[in-house]
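Below is one structure, written out as structure tokens; comments come after it.
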Amino acid sequence: MAAHAVSVLITGANRGLGLEMVKQMVEASHPVRKLFACCRDPEGARAEGLQTLAKKHPNVIVVVRLDATDLSSIKQCAKQVGLEVGTGGLNLLINNAGVLAKSTLQETSAEDMQNAFNTNVLGPMNIIKEFLPHLRAAAKASGIPGMSTSKAAVVNISSFLASMETVKQSYALFPAISYRISKAGLNMLTLCAAEELKDDQILFSLLHPGWVRTDMGGEEGQIDAPESVQGMLSVMASLTEKQNAAFLDYEGRPLAW
Ligand code: NDP
């Protein structure tokens with residue numbers, strides 16, 4: 001289980017799926033020991049739920065400012081996390097923060113595409129690069145053979161809308177072109193990172209949470225956040241080197257690229 005990881009970092013942890021992940025990880029029967037819950041405005045109104053949860057679990061949850069589009073905040077966060085985890089490193093990094101604009105090709109703009117790329121692709125890219133020393137430290141400190149999320153891993157939250165093979169079936173219902181292209185970019189980033197870093201024993205995987213009733217998923221979504229997160233956490237717990245670079249849904253089913 002992801003909760004067996006000693007230290008975990010989640011981006012976009014103040015609402016939606018990110019906040020639910022924090023909740024389930026600290027309330028698990030084997031709770032994580034240190035959970036870095038990152039959000040872009042820890043003192044703002046949108047982080048109130050997270051701050052309340054953090055007050056209940058002051059020894060576990062550390063709320064840290066991280067804006068996925070701001071490299072200096074990523075560097076600052078990596079520095080703070082490094083001081084806290086020391087040579088034990090960071091076991092699990094979950095790139096969950098994301099943005100979605102619903103436009104079609106004819107409605108979209110360069111600005112839309114740039115925004116989607118800044119958060120959904122450049123964010124995870126910079127975050128992986130800056131946290132790499134901590135992930136490497138965790139892999140080294142673990143001493144367990146093979147790969148797992150309790151050793152050293154990056155889980156990138158993708159979407160079935162990134163799947164190129166299913167565009168014909170899903171485009172009319174969900175155009176969201178900048179989102180689709182950026183999440184497909186995130187998928188390629190993940191495959192490249194998995195290949196480049198396989199000798200470091202860092203596991204990389206892509207998870208689709210399902211169509212979830214959050215601010216992003218809307219009320220017409222098919223499942224609620226607790227069900228999605230329960231599924232994703234148990235999939236994370238089951239990952240080994242066999243699933244390195246896999247693209248799975250919240251029930252562990254492989255998705256078409
Ligand atoms: P929400 O819109 O409910 O929450 C998005 C989260 O991302 C918020 O915490 C938001 O913070 C954060 N965020 C956005 N931009 C940034 C940024 N620049 N820096 C840091 N944090 C940022 O979305 P969900 O919880 O539904 O989605 C979570 C992930 O799951 C996303 O990656 C999404 O693409 C993916 N997903 C969701 C699906 C669904 O049906 N809900 C389906 C498939 C994938 P803030 O409050 O500051 O805006």
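The values are calculated or read from the model by the stated rules, or taken from the named source; none is laboratory data. Model, not experiment: these values are computed from the prediction. Cβ: placed from backbone, ideal geometry, glycine included. Neighbour counts: every protein chain shown.
Descriptive notes on the structure:
- Yes/no for LEU105 being touching a strand residue (DSSP E or B) at 6+ places or on another chain (Cβ under 9 Å), away from the ligand (no atom under 15 Å from the Cβ) and not aromatic (Phe, Trp, Tyr): no
- All positions within region 234-247 that are within 16 Å of the ligand (Cβ to nearest atom) and in contact with a helix residue (DSSP H, G or I) (Cβ under 6 Å, 6 or more places away or on another chain): MET236
- Enumeration of residues in region 169-186 that are farther than 18 Å from SER109 by Cα and within 12 Å of the ligand (Cβ to nearest atom): SER170, LEU186
- The residue that is surrounded by the fewest Cβ atoms within 10 Å (Cβ to Cβ), counting only those in region 36-64 that are part of a strand (DSSP E or B) and either at pLDDT below 95 or within 9 Å of the ligand (Cβ to nearest atom) (or both), is CYS39.
- If you go through region 138-168 and keep only what is without any contact (Cβ under 8 Å) to a residue 60 or more places away in the chain and away from the ligand (no atom under 16 Å from the Cβ), you end up with LYS140, ALA141, SER142, GLY143, ILE144, PRO145, LYS168.
- Evaluating MET21 against the criteria (1) free of Cβ contacts under 8 Å to residues at least 40 places away in the same chain; (2) hydrophobic (A, V, I, L, M, F, W, C); (3) crowded, with 17+ Cβ neighbours inside 10 Å leaves one unmet condition, (1).
- GLY123, sole failed condition from (1) over 21 Å from ALA246 (Cα atoms); (2) near the ligand (Cβ under 10 Å from one of its atoms): (1)
- When region 1-35 is filtered for residues that are within 13 Å of the ligand (Cβ to nearest atom), outside any strand (DSSP E or B) and touching a helix residue (DSSP H, G or I) at 6+ places or on another chain (Cβ under 8 Å), the ones remaining, listed by number, are THR11, GLY12, ALA13, ASN14, ARG15, GLY16, LEU17, LEU19, GLU20, MET21, VAL22, LYS23.
- Scanning region 211-233 for residues that are of a type in the set (Val, Ile, Thr) and near the ligand (Cβ under 8 Å from one of its atoms) yields a total of 2.
- Members of region 206-257 found to be closer than 21 Å to ASN14 by Cβ, among the acidic types (Asp, Glu) and assigned to a helix (DSSP H, G or I), listed by number: GLU227
- Only listed residue being in contact with a helix residue (DSSP H, G or I) (Cβ under 9 Å, 6 or more places away or on another chain) and more than 13 Å from ASN120 (Cα to Cα), chosen from SER182, SER159, SER150, SER178: SER150
- Counted residues, region 82-99 - those being buried (at least 22 other Cβ atoms within 10 Å of the Cβ) and within 15 Å of the ligand (Cβ to nearest atom): 6
- Condition check for VAL99: of a type in the set (A, V, I, L, M) and under 22 Å from HIS208 (Cβ atoms): yes
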